[in-house]
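The values are calculated or read from the model by the stated rules, or taken from the named source; none is laboratory data. Keep in mind it's a predicted model, so treat the numbers as computed, not measured. Every residue, glycine as well, gets a Cβ built from its backbone with ideal geometry; the counts of neighbours run over all protein chains shown.
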Amino acid sequence: MDMKNVELNKQEIQELPQVIKVGLLGFGTIGSGVFTVLNNERELITRRLYKAIGRHVEIQITKVLVLPDEYPPGLPTELRVTDYNEILNDASIDIVVELIGGLNPATNFMIQAMEKGKHVVTANKYAIFTAQGALEAKADETDVHLRYEAAVGGAIPILRSINEGLIGDQIESVVGILNGSTNYILTGVKNGKTLEEALAEAKQNGYLEADPSADLEGYDAMHKLGILGYLITGQYPAASSIEREGIEKITAEDIENAKLNGQAYKLVARATKNADGEFTYSVKPEALNPDHPLYHTEGVLNTILITSKYAKELVFTGYGAGSLETATAVTGDIVSIARDLHIC
(Lines give C-alpha, C1' and ligand atoms only; values in the text may rest on other atoms or scores of the structure.)
Protein backbone atom coordinates (compact mmCIF):
# COMPACT_ATOMS: atom_id res chain seq x y z
CA MET A 1 0.00 0.00 0.00
CA ASP A 2 1.29 3.44 -0.96
CA MET A 3 1.32 5.31 2.39
CA LYS A 4 1.91 8.59 0.58
CA ASN A 5 -1.43 8.23 -1.20
CA VAL A 6 -3.14 7.24 2.08
CA GLU A 7 -1.86 10.41 3.74
CA LEU A 8 -2.96 12.45 0.72
CA ASN A 9 -6.45 10.96 0.87
CA LYS A 10 -6.67 11.80 4.59
CA GLN A 11 -5.74 15.39 3.83
CA GLU A 12 -8.34 15.58 1.05
CA ILE A 13 -11.02 14.20 3.38
CA GLN A 14 -10.14 16.75 6.04
CA GLU A 15 -10.40 19.57 3.52
CA LEU A 16 -13.81 18.52 2.19
CA PRO A 17 -16.35 21.07 3.42
CA GLN A 18 -19.15 20.06 5.71
CA VAL A 19 -22.46 21.09 4.18
CA ILE A 20 -25.13 22.74 6.30
CA LYS A 21 -28.40 22.06 4.48
CA VAL A 22 -31.26 24.54 4.56
CA GLY A 23 -34.95 24.06 3.85
CA LEU A 24 -36.52 27.35 2.75
CA LEU A 25 -40.23 27.94 3.31
CA GLY A 26 -41.44 30.51 0.80
CA PHE A 27 -39.87 32.08 -2.27
CA GLY A 28 -41.43 35.52 -2.21
CA THR A 29 -39.74 38.87 -1.76
CA ILE A 30 -37.53 37.83 1.15
CA GLY A 31 -37.18 34.14 0.32
CA SER A 32 -35.90 34.82 -3.19
CA GLY A 33 -33.54 37.43 -1.72
CA VAL A 34 -32.07 34.89 0.72
CA PHE A 35 -31.61 32.42 -2.14
CA THR A 36 -29.78 35.10 -4.14
CA VAL A 37 -27.50 36.21 -1.30
CA LEU A 38 -26.52 32.68 -0.25
CA ASN A 39 -25.72 31.71 -3.82
CA ASN A 40 -23.98 34.93 -4.86
CA GLU A 41 -21.85 35.12 -1.71
CA ARG A 42 -21.20 31.39 -1.19
CA GLU A 43 -17.41 31.70 -1.41
CA LEU A 44 -17.30 34.79 0.82
CA ILE A 45 -19.44 33.11 3.50
CA THR A 46 -17.40 29.90 3.41
CA ARG A 47 -14.15 31.87 3.69
CA ARG A 48 -15.39 33.94 6.61
CA LEU A 49 -16.71 30.86 8.41
CA TYR A 50 -13.31 29.20 8.01
CA LYS A 51 -11.63 32.27 9.48
CA ALA A 52 -14.05 32.21 12.43
CA ILE A 53 -14.05 28.48 13.24
CA GLY A 54 -11.10 27.00 11.36
CA ARG A 55 -13.29 24.57 9.41
CA HIS A 56 -14.59 24.39 5.87
CA VAL A 57 -18.38 24.76 6.06
CA GLU A 58 -20.71 25.39 3.15
CA ILE A 59 -24.35 26.43 3.40
CA GLN A 60 -26.69 25.09 0.74
CA ILE A 61 -30.43 25.50 0.20
CA THR A 62 -31.54 22.01 -0.81
CA LYS A 63 -35.34 22.32 -0.77
CA VAL A 64 -37.77 25.24 -1.19
CA LEU A 65 -41.44 25.02 -0.22
CA VAL A 66 -43.92 26.81 -2.48
CA LEU A 67 -47.63 26.49 -3.18
CA PRO A 68 -48.72 23.80 -5.67
CA ASP A 69 -49.58 26.38 -8.31
CA GLU A 70 -46.41 28.45 -7.77
CA TYR A 71 -43.51 28.24 -10.21
CA PRO A 72 -41.37 31.24 -9.21
CA PRO A 73 -38.82 32.43 -11.75
CA GLY A 74 -35.29 31.82 -10.52
CA LEU A 75 -36.16 28.73 -8.48
CA PRO A 76 -34.49 25.58 -9.86
CA THR A 77 -37.06 22.84 -10.46
CA GLU A 78 -35.03 20.26 -8.55
CA LEU A 79 -35.32 22.31 -5.34
CA ARG A 80 -39.07 22.93 -5.56
CA VAL A 81 -41.36 21.04 -3.17
CA THR A 82 -45.05 21.60 -2.38
CA ASP A 83 -45.39 19.38 0.70
CA TYR A 84 -43.81 20.63 3.96
CA ASN A 85 -43.29 17.03 5.08
CA GLU A 86 -40.61 16.66 2.42
CA ILE A 87 -38.56 19.20 4.37
CA LEU A 88 -39.71 18.22 7.85
CA ASN A 89 -38.88 14.53 7.41
CA ASP A 90 -35.60 15.09 5.58
CA ALA A 91 -33.00 14.23 8.23
CA SER A 92 -30.25 15.88 6.19
CA ILE A 93 -31.80 19.36 6.56
CA ASP A 94 -30.24 21.20 9.49
CA ILE A 95 -31.98 24.60 9.35
CA VAL A 96 -35.55 25.52 8.40
CA VAL A 97 -36.00 29.13 7.27
CA GLU A 98 -39.62 30.23 7.60
CA LEU A 99 -40.49 33.08 5.25
CA ILE A 100 -44.12 32.40 4.37
CA GLY A 101 -45.38 34.87 6.98
CA GLY A 102 -48.67 35.02 8.82
CA LEU A 103 -49.64 33.18 11.97
CA ASN A 104 -50.44 29.70 10.70
CA PRO A 105 -49.29 27.41 9.25
CA ALA A 106 -46.03 29.32 9.87
CA THR A 107 -46.08 28.88 13.66
CA ASN A 108 -46.96 25.19 13.44
CA PHE A 109 -44.25 24.62 10.85
CA MET A 110 -41.63 26.21 13.13
CA ILE A 111 -42.73 24.15 16.14
CA GLN A 112 -42.70 20.93 14.11
CA ALA A 113 -39.23 21.71 12.78
CA MET A 114 -37.85 22.28 16.28
CA GLU A 115 -39.46 19.06 17.51
CA LYS A 116 -37.53 17.28 14.73
CA GLY A 117 -34.29 18.81 16.03
CA LYS A 118 -33.98 21.37 13.24
CA HIS A 119 -32.81 24.92 13.89
CA VAL A 120 -35.18 27.70 12.82
CA VAL A 121 -34.69 31.14 11.29
CA THR A 122 -37.64 33.44 10.60
CA ALA A 123 -38.53 37.03 9.78
CA ASN A 124 -42.08 36.58 11.06
CA LYS A 125 -42.64 39.26 13.69
CA TYR A 126 -46.37 38.49 13.87
CA ALA A 127 -45.81 34.84 14.78
CA ILE A 128 -42.94 35.56 17.16
CA PHE A 129 -44.83 38.24 19.09
CA THR A 130 -48.16 36.40 19.15
CA ALA A 131 -46.53 33.26 20.58
CA GLN A 132 -45.47 35.38 23.61
CA GLY A 133 -42.33 33.36 24.30
CA ALA A 134 -43.67 29.90 23.38
CA LEU A 135 -41.36 29.59 20.37
CA GLU A 136 -38.29 30.51 22.42
CA ALA A 137 -39.41 27.99 25.07
CA LYS A 138 -39.78 25.30 22.41
CA ALA A 139 -36.26 26.03 21.15
CA ASP A 140 -34.91 25.64 24.69
CA GLU A 141 -36.89 22.44 25.21
CA THR A 142 -35.63 20.85 21.98
CA ASP A 143 -32.09 22.26 22.30
CA VAL A 144 -32.08 24.04 18.96
CA HIS A 145 -31.38 27.59 17.81
CA LEU A 146 -34.20 30.04 17.01
CA ARG A 147 -33.13 33.27 15.34
CA TYR A 148 -35.27 36.16 14.03
CA GLU A 149 -33.03 39.17 13.41
CA ALA A 150 -34.99 40.15 10.29
CA ALA A 151 -38.24 40.41 12.27
CA VAL A 152 -37.31 43.90 13.50
CA GLY A 153 -35.67 46.62 11.47
CA GLY A 154 -35.02 44.67 8.26
CA ALA A 155 -31.31 45.04 7.51
CA ILE A 156 -30.51 46.72 10.85
CA PRO A 157 -28.75 44.28 13.22
CA ILE A 158 -30.71 45.62 16.18
CA LEU A 159 -31.49 42.33 17.93
CA ARG A 160 -27.88 41.19 17.80
CA SER A 161 -26.78 44.58 19.11
CA ILE A 162 -29.08 44.27 22.12
CA ASN A 163 -28.35 40.58 22.75
CA GLU A 164 -24.60 40.79 22.35
CA GLY A 165 -23.28 44.33 22.09
CA LEU A 166 -25.30 45.61 25.04
CA ILE A 167 -25.35 42.42 27.09
CA GLY A 168 -23.61 44.17 30.00
CA ASP A 169 -25.62 47.37 29.81
CA GLN A 170 -29.00 48.47 31.15
CA ILE A 171 -31.33 49.83 28.49
CA GLU A 172 -33.48 52.72 29.67
CA SER A 173 -35.50 53.44 26.54
CA VAL A 174 -36.04 52.58 22.89
CA VAL A 175 -37.59 55.07 20.48
CA GLY A 176 -37.93 54.34 16.81
CA ILE A 177 -39.55 54.28 13.43
CA LEU A 178 -40.15 50.55 12.95
CA ASN A 179 -42.47 50.47 9.94
CA GLY A 180 -41.07 51.48 6.57
CA SER A 181 -44.43 51.48 4.78
CA THR A 182 -46.05 54.13 6.97
CA ASN A 183 -42.83 56.13 7.02
CA TYR A 184 -42.86 56.16 3.20
CA ILE A 185 -46.44 57.48 3.30
CA LEU A 186 -45.70 60.13 5.91
CA THR A 187 -42.58 61.21 4.00
CA GLY A 188 -44.83 61.83 0.99
CA VAL A 189 -47.14 63.91 3.19
CA LYS A 190 -44.16 65.87 4.51
CA ASN A 191 -43.16 66.61 0.92
CA GLY A 192 -46.54 68.02 -0.05
CA LYS A 193 -48.78 65.08 -0.96
CA THR A 194 -52.13 64.47 0.63
CA LEU A 195 -52.43 61.40 2.82
CA GLU A 196 -54.60 59.76 0.15
CA GLU A 197 -52.05 60.49 -2.61
CA ALA A 198 -49.16 59.16 -0.54
CA LEU A 199 -51.15 56.04 0.35
CA ALA A 200 -51.94 55.36 -3.32
CA GLU A 201 -48.28 55.80 -4.27
CA ALA A 202 -47.18 53.38 -1.55
CA LYS A 203 -49.62 50.76 -2.86
CA GLN A 204 -48.46 51.32 -6.44
CA ASN A 205 -44.81 50.87 -5.45
CA GLY A 206 -45.53 47.66 -3.56
CA TYR A 207 -44.86 49.00 -0.05
CA LEU A 208 -48.30 47.96 1.21
CA GLU A 209 -50.02 44.60 1.21
CA ALA A 210 -53.46 44.07 -0.34
CA ASP A 211 -54.74 44.43 3.24
CA PRO A 212 -52.66 47.32 4.58
CA SER A 213 -54.29 47.42 8.03
CA ALA A 214 -51.31 45.84 9.85
CA ASP A 215 -49.14 48.75 8.68
CA LEU A 216 -51.63 51.62 8.78
CA GLU A 217 -53.16 50.73 12.15
CA GLY A 218 -49.81 50.23 13.87
CA TYR A 219 -49.95 46.47 14.44
CA ASP A 220 -46.72 45.77 12.55
CA ALA A 221 -44.79 48.32 14.62
CA MET A 222 -46.45 47.00 17.78
CA HIS A 223 -45.23 43.45 17.10
CA LYS A 224 -41.70 44.69 16.52
CA LEU A 225 -41.75 46.85 19.64
CA GLY A 226 -42.96 43.86 21.65
CA ILE A 227 -40.00 41.79 20.45
CA LEU A 228 -37.62 44.54 21.49
CA GLY A 229 -39.35 44.64 24.86
CA TYR A 230 -38.78 40.91 25.29
CA LEU A 231 -35.07 41.21 24.54
CA ILE A 232 -34.71 44.06 27.02
CA THR A 233 -36.82 42.71 29.89
CA GLY A 234 -37.04 38.96 29.29
CA GLN A 235 -40.83 39.15 29.01
CA TYR A 236 -43.15 39.92 26.12
CA PRO A 237 -45.56 42.76 26.80
CA ALA A 238 -49.16 41.75 26.16
CA ALA A 239 -50.73 43.37 23.13
CA SER A 240 -53.28 44.99 25.45
CA SER A 241 -50.49 46.71 27.39
CA ILE A 242 -49.14 48.51 24.32
CA GLU A 243 -50.86 51.80 23.53
CA ARG A 244 -51.48 51.59 19.79
CA GLU A 245 -52.75 54.18 17.31
CA GLY A 246 -52.15 54.07 13.58
CA ILE A 247 -51.82 56.79 10.98
CA GLU A 248 -55.28 56.29 9.48
CA LYS A 249 -56.81 58.83 11.89
CA ILE A 250 -54.45 61.67 10.99
CA THR A 251 -56.61 64.41 9.48
CA ALA A 252 -55.80 66.96 6.81
CA GLU A 253 -56.09 69.59 9.53
CA ASP A 254 -53.51 67.74 11.66
CA ILE A 255 -51.11 67.67 8.72
CA GLU A 256 -51.61 71.36 7.94
CA ASN A 257 -51.07 72.38 11.58
CA ALA A 258 -47.88 70.36 11.73
CA LYS A 259 -46.56 72.04 8.59
CA LEU A 260 -47.37 75.48 9.97
CA ASN A 261 -45.30 74.59 13.04
CA GLY A 262 -42.41 73.25 10.94
CA GLN A 263 -43.17 69.70 12.12
CA ALA A 264 -43.66 66.36 10.39
CA TYR A 265 -45.70 63.34 11.45
CA LYS A 266 -43.95 60.02 12.13
CA LEU A 267 -45.31 56.74 13.50
CA VAL A 268 -43.18 56.49 16.64
CA ALA A 269 -42.70 53.35 18.74
CA ARG A 270 -41.58 53.84 22.35
CA ALA A 271 -40.46 51.57 25.16
CA THR A 272 -39.59 53.61 28.24
CA LYS A 273 -38.59 52.56 31.75
CA ASN A 274 -40.63 54.42 34.37
CA ALA A 275 -39.69 55.44 37.92
CA ASP A 276 -40.69 51.99 39.21
CA GLY A 277 -38.32 50.27 36.79
CA GLU A 278 -41.19 48.96 34.64
CA PHE A 279 -41.40 49.54 30.89
CA THR A 280 -44.34 51.24 29.23
CA TYR A 281 -45.00 50.81 25.51
CA SER A 282 -46.69 52.87 22.82
CA VAL A 283 -47.01 53.12 19.04
CA LYS A 284 -48.66 56.28 17.77
CA PRO A 285 -48.23 59.20 15.34
CA GLU A 286 -46.26 62.14 16.69
CA ALA A 287 -45.61 65.55 15.15
CA LEU A 288 -41.83 65.93 15.45
CA ASN A 289 -39.70 69.04 15.30
CA PRO A 290 -36.74 69.24 12.88
CA ASP A 291 -34.24 68.83 15.73
CA HIS A 292 -35.64 65.40 16.64
CA PRO A 293 -33.39 62.54 15.45
CA LEU A 294 -36.33 60.74 13.82
CA TYR A 295 -37.53 63.78 11.85
CA HIS A 296 -35.05 63.18 9.02
CA THR A 297 -35.74 59.44 8.59
CA GLU A 298 -37.20 59.33 5.10
CA GLY A 299 -38.93 56.79 2.87
CA VAL A 300 -38.73 53.11 3.89
CA LEU A 301 -35.80 53.72 6.23
CA ASN A 302 -36.08 52.72 9.89
CA THR A 303 -34.30 54.49 12.73
CA ILE A 304 -33.98 53.13 16.28
CA LEU A 305 -32.62 55.18 19.19
CA ILE A 306 -31.43 53.33 22.30
CA THR A 307 -30.60 55.04 25.57
CA SER A 308 -28.68 52.95 28.11
CA LYS A 309 -26.84 53.34 31.41
CA TYR A 310 -23.31 53.03 30.05
CA ALA A 311 -23.36 53.40 26.26
CA LYS A 312 -25.63 56.46 26.65
CA GLU A 313 -27.21 57.11 23.24
CA LEU A 314 -27.00 54.84 20.21
CA VAL A 315 -28.63 55.41 16.82
CA PHE A 316 -29.30 52.67 14.25
CA THR A 317 -30.57 53.53 10.76
CA GLY A 318 -31.13 51.29 7.77
CA TYR A 319 -33.59 49.81 5.34
CA GLY A 320 -36.54 48.29 7.16
CA ALA A 321 -37.86 46.56 4.05
CA GLY A 322 -36.71 45.19 0.72
CA SER A 323 -35.74 41.83 -0.70
CA LEU A 324 -31.94 41.84 -0.51
CA GLU A 325 -31.86 44.24 2.43
CA THR A 326 -33.93 41.97 4.67
CA ALA A 327 -32.21 38.91 3.23
CA THR A 328 -28.91 40.07 4.71
CA ALA A 329 -30.39 39.74 8.20
CA VAL A 330 -31.83 36.28 7.48
CA THR A 331 -28.53 35.17 5.98
CA GLY A 332 -26.70 36.48 9.03
CA ASP A 333 -28.87 34.28 11.26
CA ILE A 334 -28.25 31.21 9.11
CA VAL A 335 -24.50 31.78 9.13
CA SER A 336 -24.55 32.49 12.86
CA ILE A 337 -26.16 29.12 13.54
CA ALA A 338 -23.66 27.35 11.26
CA ARG A 339 -20.82 29.04 13.16
CA ASP A 340 -22.21 28.20 16.59
CA LEU A 341 -22.73 24.56 15.66
CA HIS A 342 -19.04 24.22 14.89
CA ILE A 343 -17.66 26.23 17.79
CA CYS A 344 -19.25 23.88 20.32
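In the range 170-187, how many are part of a strand (DSSP E or B) and either more than 21 Å from the chain's Cα centre (by Cα) or not small (G, A, S) (or both)?
The total comes to 5.
Could you list, in sequence order, all residues of the range 1-39 that are modelled with pLDDT under 55 and either touching a Ser or Thr at 6+ places or on another chain (Cβ under 7 Å) or not hydrophobic (A, V, I, L, M, F, W, C) (or both)?
The answer is D2, K4, N5, E7, N9, K10, Q11, E12, Q14.
Pairs under 8 Å by beta carbon, first residue in a helix (DSSP H, G or I) in the range 65-79, partner of a type in the set (A, V, I, L, M, F, W, C), six or more apart or different chains?
L79/I61; L79/V64
For (1) surrounded by fewer than 21 Cβ atoms within 10 Å (Cβ to Cβ); (2) touching a residue at least 40 places away in the same chain (Cβ under 8 Å), each residue gets a yes or a no:
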{"residue": "L199", "(1), (2)": "no, no"}
{"residue": "P212", "(1), (2)": "yes, no"}
{"residue": "R244", "(1), (2)": "yes, yes"}
{"residue": "T272", "(1), (2)": "yes, yes"}
{"residue": "E278", "(1), (2)": "yes, no"}
{"residue": "S282", "(1), (2)": "yes, yes"}
{"residue": "A287", "(1), (2)": "yes, no"}
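Do we find a residue being part of a loop (DSSP other than H, G, I, E, B), at pLDDT below 95, closer than 25 Å to Q235 by Cα and assigned by TED's automatic domain parsing to the domain that holds R244 anywhere in the range 260-270?
no
Going by what's in this entry, would A238 be described as crowded, with 20+ Cβ neighbours inside 10 Å, of a type in the set (A, V, I, L, M) and in contact (Cβ under 8 Å) with a residue 24 or more places away in the chain?
Against the criterion (crowded, with 20+ Cβ neighbours inside 10 Å, of a type in the set (A, V, I, L, M) and in contact (Cβ under 8 Å) with a residue 24 or more places away in the chain), A238 does not qualify.
For the range 216-225, indicate whether the set of residues that are of a type in the set (K, R) and either assigned to a loop (DSSP other than H, G, I, E, B) or farther than 20 Å from T307 by Cα (or both) is non-empty.
no
Out of the residues in the range 292-322 meeting the condition of being farther than 22 Å from G188 by Cβ and over 21 Å from the mean Cα position of the chain (by Cα), tell me which one is surrounded by the fewest Cβ atoms within 10 Å (Cβ to Cβ).
Among those residues, the one meeting the criterion is Y310.
Each row is one residue, and each column tells you yes or no for (1) modelled with pLDDT under 95; (2) within 20 Å of T328 (Cβ to Cβ); (3) surrounded by 11 or more Cβ atoms within 10 Å (Cβ to Cβ).
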{"site": "E41", "(1), (2), (3)": "no, yes, yes"}
{"site": "R48", "(1), (2), (3)": "yes, yes, yes"}
{"site": "K51", "(1), (2), (3)": "yes, yes, no"}
{"site": "R55", "(1), (2), (3)": "yes, no, yes"}
{"site": "K63", "(1), (2), (3)": "no, no, yes"}
{"site": "L67", "(1), (2), (3)": "no, no, yes"}
{"site": "E70", "(1), (2), (3)": "yes, no, yes"}
{"site": "P76", "(1), (2), (3)": "no, no, no"}
{"site": "V81", "(1), (2), (3)": "no, no, yes"}
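Give the residues of the range 253-270 that are under 17 Å from Y184 (Cα atoms) and either surrounded by 20 or more Cβ atoms within 10 Å (Cβ to Cβ) or of a type in the set (A, V, I, L, M, F, W, C) (or both), sorted by residue number.
Within the range 253-270, I255, A264, Y265, K266, L267, V268, A269 qualify.
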